[in-house]
Amino acid sequence: MAAETLESDSELAFHLQLLEALTASLAVQPSSSTQAPRNDAVRTIPTAPAVVSFKPEEVVRLERELNDRVQGEIEMRRATEDLIRRLHDEKVAREIMKIPDDEWEESGANFAKPFDEGSSSSPMSMESEESMFRLYFKGLVSEEQVGDQKLVLAGIGIAICDPSDNLVFEVRKPLIGNGLSRNSAQLKALIEGLTAAQSLGLKRITFFCDNYPIFQFVNGKWSSKQRKISNLVNQVSSLQSKFTQCNSRLVPRFKIKFAFQLARDAIDSQSQTKPAEATASKTVKETCVICMEDSDVSQMFSVDGCVHRYCFSCMKQHVEVQLLHGIIPRCPHVGCKSDLSVDSCAKFLTPKHVDTMRQRIKEASIPATERVYCPYPRCSLLMSKSEVLEHAKETLMGAVEQSGLRRCMKCHYLFCINCKVPWHRNSTCADYKRLNPNPPEEDTKLKSLASSKLWRQCVKCNHMIELLEGCYHMVCRCNYEFCYNCGAEWKDKKPTCKCPLWNEENILHEDDEDDDFDEEESDSESDDEYL
């Protein structure tokens, strides 16, 4: 990148010199009526007017680019000098804190370490061994209403802070181009931040990321199939290698809100061309505390009961994930237990997810020991043992309780509630089990797959669970807690077995020796995933 910058500067200077030479050359040329000797030098001159025709615009553009570059270098030097002064002040403050009180009272008035004396031009000369600068970055891609049309705008925000989290340097910059994705915007923001940190002379830095796929890409745990993303990841790796130490940390989105606001300002700066009438009719917007995006009030969802408000996009993702894990969706606010109604969530859910949500609510209303599913694959209706018994008494003749004969309330096919198979006519349950000792083929395949994948089955509701990452403490969707390693129950937040609490290979984030985060911000909570 430094080589490209140098080459660009050289090319710019060459163009300026060329234009000045052409202008001076034309100024001394005689008019067309003058008889000039027809030599090679004169034959090349008639091509000059074509260059001169666009010379003023070219000069203005090149001069503007040159001025912008010079101004940027001035701002970078100013930020570097400010950073050196900050580091000097912090170092002096630490030295003062180490001086005993009695010694300070006696000779404290004579203590002085002026900034100009012995100060180096490099920030690293001021860094102590434990210093680790922090880089917060955010790349946003948003669809904005500009006048009568909707445009996709992108921007990045960079915030570099000192070890005490005081802001040292900030960048807000729009991204121009087609086909910008959220991942590419994030990676470009990270590249811009690492480049700025290198320009400031920093050698040890930790960058904070709120995007899980980007975190996996830059740490080499995932490989992108998109060529553009792979190239950006390679640029990040190249920049990381230029630092003495460059760590990464995955954090919640609210931890990088300052960089988020800078990226948001960069997008807003591109949409300032709205006509007056569009600005006058601008709708009231509200900030979603999950994604930190500003959305129209009409696009905000209010949870019944607790009145917590979130945008439709975040609520849709929250509900879909909860349904995928077999959990009844509740308000995403921390500590809030307000349930979400199907009718209110129908505003942003697809009909398929609405049906799934109704199914989950019905499952939760029936105890695990009372649940009965229709054994016919095309039906699989969920019923309770009591209601299916009442339905059988009304529609069937004979002693249905003793025989185990039941009728599905939806497809009306007969099945055996004891054997959980379609009704075995002219055969008792004992005879059927004797003639069919092996479980169904589907169950055999599922158990074989579970055994090969090391899945575990909840002993309370028989739900199959897979541990992707985190500790061995599992909480099933039926709220039953057990050890994933051996299946023993957890009671009073404690295991009843002697298995280890976790396996290091299943822990996503490793503790850094130089990490100075608070313990409450560490990755101590397990990320248990459900199948």
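FYI, it's all coordinate maths here, none of it is from the lab. Predicted model, so just to flag it, every value in this text is computed and none were measured. All Cβ positions, glycine included, derive from the backbone under ideal geometry; neighbour counts span all protein chains shown.
Just to compare against my own numbers: the Cα pair-distance distribution for the stretch 298-419, 5 Å bins, whole % per bin, please.
With a bin width of 5 Å, the distribution comes to 2, 10, 18, 17, 14, 10, 9, 9, 6, 3, 1, 0.
Over all Cα pairs of the stretch 133-270, how is the pair count split among 5 Å bins, expressed in % and running from 0 up to the last occupied bin?
Per 5 Å bin, starting at 0, the Cα pair percentages come out as 2, 11, 21, 24, 20, 13, 6, 3, 1, 0, 0.
Less than 26 Å apart at the alpha-carbon level, and either on another chain or at least 8 residues along: which lysines does that give for Lys150?
Lys138, Lys173, Lys188, Lys228, Lys257, Lys274, Lys282, Lys285, Lys316, Lys347
Just want the ordering: His325, His412, His463, from fewest to most Cβ atoms lying within 10 Å of their own Cβ. Walk me through the numbers on the way to the answer.
Numbers: His325 14, His412 11, His463 17.
Neighbour counts put them in this order, fewest first: His412, His325, His463.
Report, ordered by chain and residue number, the lysines lying within cross-link reach of Lys445, taken as a straight Cα distance under 30 Å and ignoring same-chain residues fewer than 8 apart.
Within the straight-line cut-off, Lys445 pairs with Lys352, Lys362, Lys385, Lys410, Lys420, Lys433, Lys453, Lys460.
Report the label-to-label distance for Val475 and Ser237 in nanometres (one decimal), using points 7 Å from each Cα along the Cα→Cβ vector.
3.8
Once you have the Cα-Cα distance between Ser269 and Arg358, take 0.36 nm times their residue separation minus that, and quote the gain in nm to one decimal. The partial results should precede the final answer.
Working: separation 89, 0.36 × 89 = 32.04 nm, distance 4.43 nm.
Taking Ser269 through Arg358 to full extension adds about 27.6 nm, to one decimal.
Kindly give Rg over Rh for the stretch 283-365, based on alpha-carbon atoms, with the Kirkwood expression for the hydrodynamic radius.
Reported Rg/Rh (Cα atoms, Kirkwood Rh): 0.96.
Using r as the Cβ-Cβ distance of Leu382 and Glu144, and R0 as 30 Å, what FRET efficiency do you calculate, to the nearest 0.05?
Numbers: r = 45 Å, r/R0 = 1.49.
After rounding to 0.05, the efficiency reads 0.10.
Of the options Leu389, Ala430, Ile417, report the single residue whose Cα projects farthest towards the positive end of the charge dipole of the stretch 384-437 (beta-carbon charges: Lys, Arg +1; Asp, Glu -1).
Value: Ala430.
Which value in nm describes the separation of the simple spin-label points at Arg85 and Glu63, placed 7 Å from the Cα toward the beta carbon?
Label-label distance for Arg85 and Glu63, simple model: 3.3 nm.
Based on the mean of other Cβ atoms within 10 Å per residue, sort peptides 196-208, 383-395 so the most packed one is first.
Result, highest mean Cβ count within 10 Å first: 196-208, 383-395.
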